[in-house]
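Written below as structure tokens is the structure these notes are about.
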Amino acid sequence: MALFGNASVRLKLILASILGSGTALLVFGAVITGFDLMALRARLVRRMTVQADIVGANCLSALLFNDQKSAEDTLAALKADPRILGAGLYTADRKLFATYLRDPASGARVMDEALGDAGEGHLLMRDRLRLSRSVLFNGAAAGTVVILCDLREITESLTRDVVVFGSVLLTSLLLALAISSRLQRDITQPILHLAATARRVSQDKDYSVRATGDRRGEIGALVVAFNEMLEEIRQQEAALRGAQDELEQRVVERTAQLQAANGELEAFSYSVSHDLRAPIRHIAGFAEILEADGAGLNEAGRRHLKKIAQAAARMGELIDDLLVFSRMGRSELQAATVSLADLLKEVLKEAQPDVQRPIDWRIDPLPTVHGDAAMLRLVFANLVSNAMKYTAKSEHPRIEIGVDRDEDREVVIRVRDNGVGFDMAYVSKLFGVFQRLHRADEFEGTGIGLANVRRIINRHGGRTWAEGELGHGAAFYFSLPKVKESTT
Amino acid sequence: MSELKRILLAEDNENDIELTLKALAENRLANEVIVVKDGVEALDYLYRRGKFSSSPLGNPAVTLLDLKMPKVDGLEVLRTMRADPKMHAIPVVILTSSREERDLVESYRLGVNAYVVKPVKFQQFVEAVKTLGLFWGVLNEPPVGSVRRVA
Amino acid sequence: MVKAARSSRWTRLRPALLLCVASAFALASDRARGDDASAARSDYRIKAAYLYYFTTFVDWPSETFSKSGDALVIGVLGEDPFGAILDETLRGKTVKDRPLLVKRFASIKEARDSHILFISSSEQDRLASILKVLEGTTVLTVGEIDHFASRGGEIGFRVEDKKVRFDINVTAVERARLKVSAQLMKLGRIVEGPGHPGG
């Protein structure tokens, strides 16, 4: 099993050495065979040339004295050489004078009747060699001898070569296989061990394990480096764990601090809700009483009183809003499946639109989401009340509420109105606490509504943003992430 | 019989007392109001002990209770009242500045009849008091044992 | 007399007819003789060439040449049937760097120094005595006389199937101390000669 797991490396090593030696041998063999072939051919040509010369010399007299029979008898002596397929003697005017055919039954046309323009020399054809030699008499050509012989000598020799070479190759490859098979172990063994060690370390997460083995050579260097790496990892891991523990400790401390702070905040807002409100009520109350009583005040005095009452009332509103805002941040998110459509319906019912100025409501179907119903209702309440407030001065107020985008990961709801809108230059202030883009006498409100919306949506993991144009209305968007239901 | 019945007002803040009485007076409901300044006095009155040992018999038709009072606070008073069979039926309206959820929850748990948050605007406060007074002080039939105006 | 008239016409024609036939015959035989003549001429061309070839295939003892560069003499004894053919054939050729020289002899005594001697058919009656004179020499005797070789000559030409062939008398050749190449030997018909020349 271990062998198979490492087969590719092993195989590569063995293949490499076999291919190496095999290629070398093949190249060598090919070259040798090539040279051999050339030598064999040359030798054959030489031998045949000699034969041709001999037979030609022997035929000279027959040629000169026009004795065809004698010439044929002489040519027939070539029978002794089994390689020779046939021979021909041509006269000085290139006509066939005498022939010899080894196998008369076969190719009767072995010899051409006329010599043609083939001069002295040899022509190596596919399966035979054709050799012409001039028969000289006193330096001049008295005729030509043409010998045809087969190449069996060459092919036999080559075949022998190839067989020998083939068996040598096979033997050498087998030897190479055996040797490399043994030697590759030196390389693969430590690699295997290293791989096994690595696997063990990652499985058991035990960083005290070390690889063993020979430390010499490149593999050895790898083993040493591997061990060093493990030591590093072990140290890092220990340090990490230490840091983690420390962090957890700190988290515990911080959480305690946070909880303490939260508690303080709760106590604070609780006391604010009671203690701050009381004096404000008193101020407002007595100022109003004074106002009603007249109390001998002049015009200015009465106006001042009115302002006192108004200021106190305003302060009360602010405090109420602040309290709501803080509560939204502190209280538990009670997540449940919430039908936004139902929420909106409730909000709209309570919104008490002005009958005299009917609003064109365009409500699209809203999805069901995961969130805190009370908080989300507040979101709608704020957005709707804002929309209504800022379209109060419009001729034909129109408020659209619907889904802007419904994607895999989140759904985006849009509340759009065609009211007074706002200048996009101040868009960054819109969602700030107590930030307003209109004066109190233009539109009432404390500027906490959108801050609440943002706070609530952020707690749900969503985003809030807005677009608007002065005089052309505004659109408010909030996104709610979709929680993947793991169980139905 | 729509006659004004006795109202017990438990409130520690002088200003609040004045404002509440003023609001009641504007609605001509201030005649039979007993004012106590803290939880101890409230219980003294209800048990007719201490400085109230000589008060006439009978429970108030409604108790207007503030929550934040020194010594014994409103919730304590409420708890005590509800625990005592002689008083547990007395209508109690918590009249407070606090809108805190836990106060709300605790109050109803202890069996309060109504919980009203004092509005900041005085006019609204007057309206609220009028409604409370007219209902609890005039319209509602108090439980048996409530004192009537002795002629 | 009708008979007489007929016969007189025939009689008148006969000589003319005879003349025609005779001349026809004469012409025919003339042509035949002409064919024979041209055939003979080409034969002599071949024989002349053969004489030249013989110089290649026969070795004369070195003393027959007083020094290197000496010409090899080819002689014709008697009526020369070759004529210019022999000279044309041998002109300019050399054998082993020796030039070839054609000589014509009338008497045998002059011809003793030739290397090859063609004995013309005109001498056929005197053949035995000619050969006797040539005893002890290294002359290669060639002839076309009938039975030339069996009569003691060394190489005798004959025509067989329109081809020029030759007989070789080996004994005569040996006696002349000449070496004839095997190549030549195999081409010729070996003939036994008389026990001694002139017999």
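For this structure, a couple of remarks:
- Heavy-atom accessible area per residue - the stretch C:65-164, 1.4 Å, Å²: 49
- The angle between the Cα long axis of helix A:277-293 and the main principal axis of chain A comes to about 40°, on a 0 to 90 degree scale.
- Listed residue pairs exceeding 31 Å between alpha carbons, taken from A:Lys69/C:Lys132; A:Lys79/C:Lys47; A:Lys95/C:Lys47; A:Lys345/B:Lys22: A:Lys69/C:Lys132; A:Lys79/C:Lys47; A:Lys345/B:Lys22
- Springs between Cα atoms under 10 Å define the GNM used for chain B, and in it the highest mean-square fluctuation of B:Ala114, B:Ala23, B:Ala89 occurs at B:Ala114.
- Accessible-area value, C:Ser66, 1.4 Å probe, nucleic acids and ligands omitted, Å²: 100
- Here A:Arg160 and C:Asp113 are evaluated by their C-beta separation; at R0 = 56 Å the FRET efficiency comes out at 0.30.
- Approximate spin-label separation A:Leu37-A:Ala178, in nm, with each point projected 7 Å along Cα-to-Cβ: 3.3
- Within the protein assembly as shown, the ratio Rg/Rh, alpha carbon atoms throughout and Rh by Kirkwood, equals 1.69.
- Spatial offset of the stretch A:286-340 relative to the stretch C:83-109 amounts to 163 Å, using the alpha carbon center of each.
- Stretch gain in nm, segment A:Arg199-A:Ser331, where the contour uses 0.36 nm per residue and the Cα spacing is subtracted: 42.6 nm
- Using only side-chain charges placed at the Cβ, +1 for Lys and Arg and -1 for Asp and Glu, the dipole size of the stretch B:99-151 relative to its Cα centre rounds to 220 debye.
- Dipole of the stretch A:209-316 [Lys/Arg +1, Asp/Glu -1 at C-beta], most positive-end residue of A:Val251, A:Ala313, A:Ala221: A:Ala313
- Between helix A:7-64 and chain A: long-axis angle, C-alpha atoms, 0 to 90°, nearest 10: 30
- Taking the stretch A:2-206 and dividing mean pair separation by its residue count, relative contact order in percent (alpha carbons under 8 Å, at least six apart): 26
- Projecting label points 7 angstrom from Cα along Cα→Cβ for A:Gln435 and C:Lys93 puts them 13.3 nm apart.
- Largest to smallest in accessible area, the residues C:Arg45, B:Arg48 fall in the order C:Arg45, B:Arg48 (1.4 Å probe, all protein chains included).
- Residues in the stretch A:2-206 average 56 Å² of solvent-accessible surface per residue, probe 1.4 Å, ligands and nucleic acids excluded.
- Area accessible to solvent at A:Ile32, 1.4 Å probe radius, in Å²: 80
- Label separation (C:Lys103 vs A:Ile191): 10.1 nm, computed from points 7 Å beyond Cα along the C-beta direction.
- Helix-derived mean residue ellipticity, 222 nm - over the protein assembly as shown, DSSP H n ≥ 4, -39500 (n - 2.57), to 500: -16500 deg cm²/dmol
- Probe 1.4 Å, protein heavy atoms only - accessible area per residue of the stretch A:224-299 in square angstrom: 65
- Axis of helix A:185-204 versus longest Cα principal axis of chain A: the two differ by about 10°, to the nearest ten degrees.
- Sites B:Glu14 and A:Glu467, calculated FRET efficiency, Cβ-Cβ separation with R0 45 Å, nearest 0.05: 0.30
- Chains A and B together bury roughly 2100 Å² of accessible area, counting both sides, with a 1.4 Å probe on protein heavy atoms only.
- Loop-resident sites, the stretch A:319-422, for trypsin sites (Lys or Arg not before Pro), counting at most 13 other Cβ within 10 Å (DSSP): A:Lys393, A:Arg409
- Spatial offset of the stretch A:454-482 relative to the stretch A:385-416 amounts to 10 Å, using the alpha carbon center of each.
- Charge-dipole axis of the stretch A:2-206 as Lys and Arg at +1 and Asp and Glu at -1 on Cβ define it, positive-most pick from A:Phe97, A:Ala141, A:Thr171: A:Thr171
- Cα gyration tensor, chain B - rounded (a/c under 1.5), prolate or oblate: rounded
- Split the accessible area of the stretch A:332-488 by element, probe 1.4 Å, and carbon with sulfur accounts for 48%.
The values are calculated or read from the model by the stated rules, or taken from the named source; none is laboratory data. Not measured: the values here are computed from a predicted model. Please note: Cβ atoms are built from the backbone with ideal geometry, for glycine as well, and neighbour counts cover all protein chains shown. Quick note on the areas: whole protein, heavy atoms, side chains included, nothing else; ligands and nucleic acids left out. Shrake-Rupley method; radii C 1.70, N 1.55, O 1.52, S 1.80 Å.
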